[in-house]
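Enquirer: Let me give you the structure first, and then I'll get to my questions.
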Amino acid sequence: MIRVDGLSKRFKTVQALRGVSFCAEDGRVTGLLGPNGAGKSTTLRILYTVIKADSGQAFVDDIDVQRGALAARRQMGVLPHGAGLYPNLSARENILYYGRLHGLRGTQLANRVTQLLDELDMGSFADRRAKGFSQGQRTKVALARALVHEPRNLLLDEPTNGLDVMATRSLRELIRSLKAAGHCVLLSSHIM
C-alpha cells in the first residue's frame, strides 16, 4: 500500500505540488491523472526516493520514504518516465543486472528473467544491445527490470507512452494480473 499525506514540493519559483494526499491500496490500480506539469512525475519521484518533499509524508507499506528510503525502495518496482537503460547491454543483461542489484542469483534469477522475457514478448530482441531499441522495446525492458524482484508495489510513470496498440494491450493485461494477485499499482497518465 502507498499513502501520501500533504506532499508539497517547490522548484525555485515553481510550486510543483501543494498538499497532495491519496491512498493507493493493495489489489488496486490507482491513477494519477493530469496535464503535463501537474506534478504527477514529481509525486512519483518523491515516492521512489529520487527527490525529497518540502513538506508532507509518503509511505510505502508503512515505511516512511524519507526516513527509510532503502527499505522503501525494496518494496517497489519503478518504471520511470525515461527508461534509462544501459545502451551497451542487451535486454536480457539489463534485466539480469537489476535482478542482481535486488539480491537475486543463480537459477532463481535466470528463471525470473526467462519468465519476464516470455510474458512481455521480448524474445526477438532479448539478446540485442539496447542501443537502437524502439520506444516500445525500451519500455518493455524497463518494465521487466521493475518487475524482476517481484515487488508488492509498482510505480509506473506514463507506462503506455510510445507503445503500439498490441504492446499497450499486453501491458494492460499484465497490470490486471498484478492487481488480481494483490499488488498495489500506481500509474500516471496525462490527459488532454
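The values are calculated or read from the model by the stated rules, or taken from the named source; none is laboratory data. No experiment lies behind these values; they were computed from the predicted model shown. Glycine gets a Cβ as well: all are built from the backbone with ideal geometry, and neighbour counts include every protein chain shown. Heads up: the accessible areas ignore ligands, DNA and RNA and are worked out on the full protein's heavy atoms, side chains in. Shrake-Rupley method; radii C 1.70, N 1.55, O 1.52, S 1.80 Å.
Enquirer: Output the relative contact order of the chain, whole-number percent, from Cα pairs under 8 angstrom with separation of 6+ residues.
Expert: On the way: 351 pairs, mean separation 56.3, N = 192.
It rounds to 29 percent for the chain.
Enquirer: Quick one: helix 106-119 against the long Cα principal axis of the chain, what's the angle to the nearest 10°, folded into 0 to 90?
Expert: The answer is roughly 80 degrees.
Enquirer: Could you tell me the accessible area of Arg73 in Å² (1.4 Å probe, neighbours in place), rounded to the nearest ten?
Expert: Arg73 exposes around 100 Å² with every protein chain in place.
Enquirer: For the chain, I need the span (max minus min coordinate) of the C-alpha atoms along each principal axis, in Å, sorted largest to smallest.
Expert: 45, 35, 32
Enquirer: Using +1 on the beta carbon of Lys and Arg, -1 on that of Asp and Glu, and nothing else charged, what's the dipole of region 58-192 about the Cα centre, debye to 20? If you can, show how the numbers build up before the last one.
Expert: Details: 18 positive and 13 negative charges, 61 e Å.
In debye, rounded to 20, region 58-192 gives about 300.
Enquirer: Identify the trypsin sites (Lys or Arg not before Pro) of region 124-165 meeting these criteria: DSSP loop state and at most 14 other C-beta atoms within 10 Å of the C-beta. Provide the component values of the computation, followed by the final result.
Expert: Details: sites: Arg128, Arg129, Lys131, Arg138, Lys140, Arg145, Arg152; in loops: Arg128, Lys131, Arg152.
Hits after loop and neighbour filter: Arg128, Lys131.
Enquirer: Across the chain, how many lysine pairs separated by 8 or more positions, or lying on different chains, have Cα atoms within less than 15 Å?
Expert: Within the chain, the lysine pair count is 5.
Enquirer: With every protein chain kept in the model, how would you rank Thr30, Thr43 by accessible area, 1.4 Å probe, largest at the top?
Expert: Details: Thr30 30, Thr43 5 Å².
Reading off the accessible areas and sorting them downward yields Thr30, Thr43.
Enquirer: Pop out the carbon and sulfur fraction of the accessible area of the chain as a percent, whole number, probe 1.4 Å.
Expert: For the chain, the apolar C and S fraction of the accessible surface comes to 49 percent.
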